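Reading through the structure tokens given below for one structure.
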Amino acid sequence: MKQPFAITIDGPAASGKTSTAFQVAEALGFHHVDSGALYRAATAAALRADPSARWDEIAVLEAARIVEMEARKASFCPLLDGVDSEEEIRGEAVTSRVSIVAKMSGVRDWVNAQVRHLADLHDVVVDGRDIGTVVLPNARVKVFLLADVRERARRRLLQRLGREGNDAELDEEVAKLAKRDALDAVQTVPAPDAVMLDTTDMSQAEQVRQIIDLARAAGASG
Ligand code: CDP
């Protein structure tokens, strides 16, 4: 059987990985897999099981048994107890705790096994932090997205509030992103063979186009 085609998109928080990966997958007829959404789903499940957040790795993995991946047209999405819980997994309670959960090696193994299983069966675009280095080191195309932290904060606020943030909101978001960048620094390292894309001054459409061009040059047919 022909080995499925994998594209990895890694990079720091709010660098545009998830929306870019989805659009690339749609354009090529691949499936998008958001590894961060799995870390978020595990965190949300643990919070449901014990809102005091005094969990250890065993408690998180036990709680995460309610998480399953649903196949959609161009993506796989985590469900909690069979229900799409997008708002819950993107909320502040999860965002402020997910990097602690992502430090647990058993949780990393749990996410990585699911991503590898999907990549064994389907052409995929997977976004995260360590996909090109640890999870799918033989991926055919690897991209590392970079963007200035203030620009990342601006984009995240625009996404969350539906408008530009003011200076105070921007300062607060920059501080939150910098804190998460520091907690995630160990696993957020570009693969030696990754193409670095600084998107600070790039439009979403442009970064999607560049990755599609890389994929086609590497033999993707979509
Ligand atoms: O979209 P955003 O950049 O805010 O984060 P995300 O991709 O949803 O990932 C949420 C968190 O999961 C990150 O802050 C990391 O702590 C963790 N993560 C990770 O450790 N490894 C990955 N491959 C993906 C996410």
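The values are calculated or read from the model by the stated rules, or taken from the named source; none is laboratory data. What you see is a predicted model, and the numbers here were worked out from it, not measured in a lab. Heads up, the Cβs are rebuilt from the backbone with ideal geometry, glycines too, and the neighbour counts pull from every protein chain shown. Surface accessibility is based on the protein's heavy atoms, side chains included, excluding ligands, DNA and RNA. Shrake-Rupley method; radii C 1.70, N 1.55, O 1.52, S 1.80 Å.
Observations
- Residues that are open to solvent by less than 80 Å² (accessible area, probe 1.4 Å), free of Cβ contacts under 8 Å to residues at least 24 places away in the same chain and in contact with a helix residue (DSSP H, G or I) (Cβ under 9 Å, 6 or more places away or on another chain) within region 146-161 comprise R154, L157, L161, listed in sequence order.
- Residue within region 158-169 that is in contact with a Lys or Arg (Cβ under 8 Å, 6 or more places away or on another chain) and assigned to a loop (DSSP other than H, G, I, E, B) present: yes
- Condition check for S52: in contact (Cβ under 8 Å) with a residue 24 or more places away in the chain and among the polar types (S, T, N, Q): no
- Restricting A113, A102, A63, A93 to those that are closer than 14 Å to A46 by Cα and open to solvent by 30 Å² or more (accessible area, probe 1.4 Å) reduces the list to A93.
- Scanning region 211-222 for residues that are open to solvent by 60 Å² or more (accessible area, probe 1.4 Å) and either in a helix (DSSP H, G or I) or within 16 Å of the ligand (Cβ to nearest atom) (or both) returns D213, R216, A217.
- Within region 179-189, the set of residues being in contact with a helix residue (DSSP H, G or I) (Cβ under 6 Å, 6 or more places away or on another chain) and open to solvent by less than 50 Å² (accessible area, probe 1.4 Å) comprises R180, D184.
Residue-by-condition table, conditions (1) in contact with a Phe, Trp or Tyr (Cβ under 7 Å, 6 or more places away or on another chain); (2) within 12 Å of the ligand (Cβ to nearest atom):
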{"position": "A113", "(1), (2)": "no, no"}
{"position": "L118", "(1), (2)": "yes, no"}
{"position": "D130", "(1), (2)": "no, yes"}
{"position": "A153", "(1), (2)": "no, yes"}
{"position": "E164", "(1), (2)": "no, no"}
{"position": "V174", "(1), (2)": "no, no"}
{"position": "Q187", "(1), (2)": "no, yes"}
{"position": "A191", "(1), (2)": "no, no"}
{"position": "T200", "(1), (2)": "no, no"}
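- Close pairs (6 angstrom Cβ cut-off, 6 or more residues apart or separate chains): at positive phi in region 11-38, of a type in the set (V, I, T) and more than 9 Å from the ligand (Cβ to nearest atom) anywhere: G16/T199
- Scanning region 132-151 for residues that are closer than 19 Å to A182 by Cβ, away from the ligand (no atom under 13 Å from the Cβ) and outside any helix (DSSP H, G or I) gives a single hit, D148.
- Residue list for region 190-210, filter: open to solvent by 70 Å² or more (accessible area, probe 1.4 Å) and outside any helix (DSSP H, G or I): P192, D193, M196, D198, D201
- Qualifying residues in region 11-39 (those that are open to solvent by 40 Å² or more (accessible area, probe 1.4 Å) and of a type in the set (S, T, N, Q)) - the one nearest to the ligand (Cβ to nearest atom): T18
- Options D181, D167: the member that is closer than 25 Å to V135 by Cβ and not aromatic (F, W, Y): D181
- Residues (more than 14 Å from D213 (Cα to Cα) and touching a Phe, Trp or Tyr at 6+ places or on another chain (Cβ under 9 Å)) located in region 16-32: F30, H31, H32
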